[in-house]
Each structure stands twice: as C-alpha cells, then as structure tokens.
1. Below 8 Å, C-alpha to C-alpha, sequence gap of six or more: please give me the relative contact order for region 7-113 in percent.
2. Region 2-82: percent of C-alpha pairs farther apart than 16 Å?
3. Which order do peptides 16-22, 297-303 fall in by mean Cβ count within 10 Å, highest first?
4. Kindly provide the helix-only [θ] at 222 nm of the chain, computed as the sum of -39,500 (n - 2.57) over DSSP H runs of four or more divided by all residues, to the nearest 500 deg cm²/dmol?
5. Find the centroid of the Cα atoms in region 287-356 and in region 139-191, then give the distance between the two in whole Å.
6. Based on the Cβ-Cβ distance of residue 71 and residue 15, what FRET efficiency does E = 1/(1 + (r/R0)^6) give at R0 = 45 Å, to the nearest 0.05?
7. What's the Kirkwood radius of region 189-355 in Å, using all Cα pairs?
8. Of the listed peptides 152-159, 319-326, what is their order by residue-averaged count of other C-beta atoms within 10 Å, with the highest listed first?
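A short reminder: the numbers here are calculations on the coordinates, not readings from a lab. None of the values given here were measured: they were computed from a predicted structure. Here the Cβ positions follow ideal geometry from the backbone for every residue, glycine too, while neighbour counts run over all protein chains shown.
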Amino acid sequence: MGDILQEAVLKEIQSSKVKRIKTRPLLDVIKKESLSPIGDFDLPKRLLEILQALEKEKRLQMPKGKKAFDKISKLPDYITALKPEEDAAMEQKKSNLYNLRNLTAWEPRHMIAFAPRLKKETELELAKKINHYLLNRKSDAKKIPHRERALQIFGDEKALDGHTRKGLFGGRITLEDLDCFYCPEPLPFQSPSPDKALLSGKPLLVVENANTYWSCCQANGTLSTFAAVVYGKGFRIAVNESANDGLEQIRADLKASEILYFGDLDPTGIAIPVGINATREKNNLPPLRPALSLYKALLEKNLTTAYDGSQSKHHNPMDARQWLGDELAGIYLEKTENLRWPQEGLTAEDIHKALT
C-alpha cells in the first residue's frame, strides 16, 4: 500500500502548475487513495514518511528552516517540487532564445532594429529564416508570387498567406522586402470586347452559378451593359478573401464603375452577397450592389421551386430588405417560406430583355 500512496502523492505533486505546494491538501490524497482506513493521528505521520522518501529520490525539497514545520505533526507547511526534466527543458529554451537573439548576425537594414527584442522562440525562428534570405538575396532579385517565395524561404508555400496585407512583425517586413507580391485567386470572367477603353466606367456583374454565367455572357455580348460578367462560384467569394481580391483586381484592370451581383432568391442566395460585403467592408473595399433589374425579372417570371432542404438558418428578413429594397423584398418574403426562385429561371433571352 505504501507504494500506491507514494505514487498518488507524487502524481499530485507533478501535476501541480506551481512548484511550491501546500502540504495539507496532500493529506486528502492519502485518505482518498488508501485501501484501508488511516486514523487522523496517523495521517500526518504517513505523509511525512512519503515526503521524506520522495526527497531522497530528489522528487521534492522540504524547507530548510524549522519555522516552516508544524511543531506537532512535524509536517512542513509546503514542499518544493523538483522537476529536473522540465527545468532542463526550460534552461534549454532560455539558451536557445539567447542564442537566437544575440548570436545571430542580423541583417542591418531591416532585422537588427527589432529581431533581437523578439520574445517568442517561434517568432525568432521565423525572423531567422527571413534574415537568411535578406542577407543572401541578389541585388537584382526578381519579384515572384508570394507563395513561391514563401516556399523558398520557409519551406511552406502558405507561410505568407496571412501576411499579404500588413506584412510580418507588425509591418516591419513587407512582401516587397521579400521580393514578392500578393497573387490573388483568379476568377473566370468574360468581357464583351477586348478594347478596355470601351469597357471603362461600366459595372461588373457577378453571378453565382455556371448556367446563369453563360446566359449573362450571351446577353452581355450583344448589349455590352457590363464591363465583364464574373463567375462567382457560389459561396467561394463569400468565404475566401483571396477570391474577393481577385474580383477587385478585375474591377481595377477594366476600370469598372462598380460591382453588381445576381444570384438565387432564397435565404442562402441572399446570405452570399451579404457575406461578401461583410468581408469587403472589413478590407475597406466598396460593397457589391444588387442587379435589381435581373432580380425583378426573376420575380416577375416567377419560376419557383420547393426547397430541397431547410435554409432557415440563413433566413433574415432584414438582410432581404437591405439587399433587395422594400418593394422586391416584400414580394420575396411573402413566398420564401415555402418557395425559392433559382437564378436559372432567367434564360439569355430573359436577361437580354431585362437589361434593355
């Protein structure tokens, strides 16, 4: 039984997050783990024997001074846990941090100003890899996409994905410093003319589904209402900042005036542009606007279908009114509990008519 109680006390000591541990709670451990009852008079004596045995094994240290011991039970008020493995690991960590900070030849233009003051080992390891690149970079280094550079520097092509806007270390290291540039996710789009001068100032139209994308391209090829029709691929733009950046790149390249959106009329279909706009607002980008002429045509044609599954988690009348306006939202909200309007309800001919 002695071994069982000693193991229980040792386990309690080793599980403590602090090294200085009060002794009294250890009495409860013995009482709980003992296979046979131990009297209150014998409990302190039994615990003292266990503590003395563990001290010989260098698992703990009892206080030096007599004032730290109870005069009656002879138990110390506290013990200090000895964790040689943890202590060694901590000393090694301190040594690693010191070496990284002070024994690294930091690049003078960018790194020396902040790298020696970094506190976390992970930050220092990251800084060391950047430092190696900056020290060894060619003076005429060509700029390449950020994931290509990330793979070269860090051995991980995604290492810079979270730093494309603000850089690393609070902006102290930018993509430009690493001779790379942010390469957003491209989105398929089709313009009615190769002459960008004819497209400048016209809006973009983003559509959610492939069939409607084709029909809109057909109509726009004749009318040239939009600078381009962009294929949004459902939820992808809503949840993917890179896709949002790709959309913005198209807008800038074609000098489009704004970005319109057309999708299904159901709770999920409205949640998509609302989600896109939340992302765009966070990134200080102008919001999408609804292609109201197409939504109106979709409601007027009224080719509805029942739901395959519940969309109640996305149903938000306020979002519908904000997105569609009161008039169209009123028609939509009257029936949306049971019916939905797929965007495929409009053919190329319908779209052509709605845009003229």
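1. Details: 85 pairs, mean separation 28.9, N = 107.
This gives 27 percent for region 7-113.
2. Values: 1467 of 3240 pairs.
Result: 45 percent of Cα pairs exceed 16 Å.
3. Values: 16-22: 11.7, 297-303: 16.1.
Answer by packing, highest mean first, reads 297-303, 16-22.
4. Numbers: 15 runs with 171 residues, N = 356.
Taking each H run of at least 4 residues, the total per residue is -14500 deg cm²/dmol.
5. Using only Cα atoms to place each centre, the spacing works out to 39 Å.
6. Details: r = 30 Å, r/R0 = 0.66.
The value I calculate is 0.90.
7. Details: mean 1/r = 0.0625 Å⁻¹.
The answer is 16.0 Å.
8. Values: 152-159: 14.2, 319-326: 17.1.
Top to bottom by mean Cβ count within 10 Å: 319-326, 152-159.
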